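Novice: Got a structure for you, written out below as structure tokens; questions coming shortly.
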Amino acid sequence: MPTSAEERIQQLTKGMLRKELYVVLSKGDATPEQIGAHLPQHLEYMIGLEKKGVLFASGPLRDAAGKTRGDGLTIIRAASADEARKIAERDPFVVNKLRTFELKQWTVMEGSLSIKVNLSDQSLELA
């Protein structure tokens, strides 16, 4: 007997991760010189978040031709949207008005992550 679409959806999603994260979509119109002047502080801030386990992933966005205008995407772990917003507001690019941002809550459902660790040279690869 065929199941309803709702039952099929429940079957397909019952084991999915359902991890809540926050996506910060940054928009910028700053010049390369302005970005460069604040890039060390921005990177220090992002690395600090990474070391604390707050930062999941972050990096610049480029258009189809490979050009960037200072836009970026950051995915962070936070207990609430308010906490995520406070984290995004402390980014030196935002503090110095080089970027504005939009915050989205993201539920990670499916995907994969592979890690290869080479013991001989203590290197690793992400795929």
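Novice: Return the total of residues in the stretch 8-51 being basic (Lys, Arg) and either touching a helix residue (DSSP H, G or I) at 6+ places or on another chain (Cβ under 7 Å) or under 19 Å from residue 73 (Cβ atoms) (or both).
Specialist: Total meeting the criteria: 2.
Novice: Six or more apart or on different chains, Cβ under 8 Å: which pairs go from a residue in the stretch 69-96 that's without any contact (Cβ under 8 Å) to a residue 40 or more places away in the chain to one that's surrounded by fewer than 14 Cβ atoms within 10 Å (Cβ to Cβ) and in a helix (DSSP H, G or I)? Could you list them?
Specialist: 95/89
Novice: Test residue 66 against the criterion of being without any contact (Cβ under 8 Å) to a residue 60 or more places away in the chain, of a type in the set (Gly, Ala, Ser), more than 18 Å from residue 106 (Cβ to Cβ) and surrounded by 14 or more Cβ atoms within 10 Å (Cβ to Cβ), and give yes or no.
Specialist: So residue 66 does not fit the description; no.
Novice: Another one. Out of the residues in the stretch 24-37 meeting the condition of being at pLDDT 95 or above and crowded, with 18+ Cβ neighbours inside 10 Å, tell me which one is farthest from the chain's Cα centre (by Cα).
Specialist: My answer is 26.
Novice: Would you confirm, using the coordinates I've provided, whether residue 57 is in a helix (DSSP H, G or I), touching a residue at least 12 places away in the same chain (Cβ under 8 Å) and either in contact with a Cys (Cβ under 7 Å, 6 or more places away or on another chain) or not charged (D, E, K, R) (or both)?
Specialist: No, not satisfied.
The values are calculated or read from the model by the stated rules, or taken from the named source; none is laboratory data. The structure displayed is predicted, hence computed values, not measured ones. Note that we place each Cβ from the backbone using ideal geometry, even for glycine, and neighbour counts take in every protein chain shown.
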